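Written below as structure tokens is the structure these notes are about.
What follows is calculated from the coordinates using simple rules that are stated; it is not laboratory data. As the structure is a prediction and not an experimental result, all values here were calculated from the model. Neighbour counts run over all protein chains shown; Cβ positions are idealised from the backbone, glycine included.
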Amino acid sequence: MRLFALPFLLLFASPAFAVEATADNAEEAVVLKDSAALNAADVDALLAVLSPSLRIYKRPTDPHALAGPQSDKIGTYEQVRDFFGETFKQGPQGRHDVRAMVSLGDLVLAQVEFRLPNETAVTRQLTAFRVRNGLIEAIWHVARVENATEDSGQAAQDVIRRFNAAADRSDADAFLALFSPEARNFHFRNAPDVLGGGPSKSIVDAASRERVFRTMFAERPARIEALDGFAVGEFVVSHDRATQKDGAVNEGLSIYRVQNGLIVDDWYMAERKVK
């Protein structure tokens, strides 16, 4: 995955223990091309995978948001061209590797690691890409972990494994117990210029969350299969498949923020009907 991060030189870095991900579809392949161009300091190859209407966003300052403001330095195609056109004259600035990717439709969520030359400190980042017609239209820098270790995010990912397992067996008690009382739920919104959805209208507090999910488990139980996922610090990406009693199958892509063993934010990012 690729990332035009805030500390711009960090974009080219990756750790000694990084293992480059492989692409499962055309959208993920574009993200890997972007990463390869950064590592090769090849501005032409970089621009070849970016849409002329590209927008790049900084990390959010609001803890309950996934998207920050548009970058004032590399926020557009022209700014990327000018910035990296100069930077790449000095050659590669380090390593930048995509450790994991999860995608659904045109949305690709990636775990990226980077490291500066002659340094051992690793930075791990969660980045989202909107890829259409073979070009990256938007990049959102969601979260980052400095001095990341191999098990960074493991505790948060374990919470979401238990969460999905509880949903699979329709265990409302175990499912609800994994939410913080102050947790916020965000519904899906198919808006290409927005990352994530708006606040749920049906789940506004702990009481409404309990009412909605207990009703769902009682009336519409489903088998839940976790297909893929990864974590970056307190953020967990999960790609799941739900099979309803009537045989209908849907896939969903979600991001969770986990603190102290509880879910504090739940964003439903994308969905696809399988049958």
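Based on the alpha carbons, how large is the Rg to Rh ratio for the chain when Rh follows Kirkwood?
Result for the chain is an Rg/Rh of 0.99.
What is the packing order of peptides 102-111, 239-248, taking the mean over residues of other C-beta atoms within 10 Å and listing the highest first?
102-111, 239-248
Using 1/(1 + (r/R0)^6) with R0 = 41 angstrom and r between the beta carbons of R211 and K275, what's the FRET efficiency to the nearest 0.05?
With R0 = 41 Å, the Cβ-Cβ based efficiency is 0.85.
Using the Cα centre of the chain as the reference point, and only Cβ charges (+1 on K/R, -1 on D/E), how large is the resulting charge dipole? Debye, rounded to the nearest 20.
480
Let me know the shape class of region 8-145, please: from the alpha-carbon gyration tensor, a ≥ b ≥ c as square roots of the eigenvalues, rounded when a/c is under 1.5, otherwise prolate if a/b is greater than b/c, or oblate.
Taking the square roots of the gyration eigenvalues as a ≥ b ≥ c, region 8-145 is rounded.
Can you tell me the orientation of helix 206-219 relative to the chain, as the angle in degrees between its alpha-carbon axis and the longest Cα principal axis, to the nearest 10?
The angle comes out near 70 degrees.
For region 68-84, what does the Karplus curve 6.51 cos²θ - 1.76 cosθ + 1.60, with θ = phi - 60°, yield as ³J(HN,Hα) per residue in whole Hz, taken in order and with x for Gly and Pro?
Taking θ as phi minus 60°, the curve returns x, x, 5, 4, 8, 10, 9, x, 10, 4, 5, 5, 4, 4, 6, 5, 6 Hz for region 68-84.
Run the reach check for K58 against lysines, Cα to Cα strictly under 27 Å, same-chain hits fewer than 8 apart removed. What comes back?
By straight Cα distance, K58 reaches K33, K73, K89.
With contacts defined as alpha carbon pairs under 8 Å and 6 or more residues apart, what's the relative contact order of region 16-92 in percent?
The value is 26 percent.
When the Karplus curve 6.51 cos²θ - 1.76 cosθ + 1.60 is applied with θ = phi - 60°, which whole-Hz ³J(HN,Hα) does each residue of region 170-186 get, with x for Gly and Pro?
Those phi angles translate into 6, 8, 4, 4, 5, 4, 5, 5, 8, 9, 5, x, 9, 4, 10, 10, 10 Hz.
Note down the nm distance, to one decimal, between modelled labels 7 Å out along Cα→Cβ at D171 and at Q90.
With each label placed 7 Å out from Cα toward Cβ, I get 5.3 nm.
Compute, for region 154-273, the length of the dipole vector about the Cα centre, with Cβ point charges of +1 (Lys, Arg) and -1 (Asp, Glu) only. Units Debye, rounded to 20.
In total the dipole reaches around 280 debye.
Given Cα pairs under 8 Å that are at least 6 residues apart, what percent is the relative contact order of the chain?
It comes to 18 percent, rounded to a whole number.
Relative to the longest principal axis of the C-alpha atoms of the chain, give the angle of the C-alpha long axis of helix 154-168, reported between 0 and 90° and rounded to the nearest 10°.
40
Pairs of alpha-carbon atoms within less than 8 angstrom and 6+ residues apart define the contacts here; what relative contact order does region 145-205 have, in percent?
21
Would you be so kind as to identify which of V122, A29, Q93 lies farthest towards the positive end of the dipole of region 8-145, taking Lys and Arg as +1 and Asp and Glu as -1 on Cβ and the Cα centre as origin?
Positive-most Cα among the choices belongs to V122.
Quick check: the distance between the Cα centres of region 202-230 and region 67-135, to the nearest angstrom?
Here the answer is 34 Å between Cα centres.
Obtain the nm distance between the two label points defined at R132 and A48 by a simple spin-label model: each point lies 7 Å from its Cα along the Cα-to-C-beta direction.
Simple spin-label model gives 2.3 nm for this pair.
Using packing as a proxy for protection, rank 137-147, 212-222, 155-165 so that the peptide with the highest average count of other Cβ atoms within 10 Å comes first.
The most tightly packed comes first, giving 137-147, 155-165, 212-222.
Give me the dipole magnitude in Debye, nearest 20, for region 103-169 about the Cα centre, with unit charges on the beta carbon: positive for Lys and Arg, negative for Asp and Glu.
220
Under the rule of -39500 (n - 2.57) per DSSP H run of 4 or more residues, summed and divided by the residues of the chain, what mean residue ellipticity at 222 nm is obtained, to the nearest 500 deg cm²/dmol?
Result for the chain: -7500 deg cm²/dmol, rounded to the nearest 500.
Gain in length, S180 to D106, computed as 0.36 nm per residue apart minus the alpha-carbon separation, to one decimal in nm?
23.5 nm
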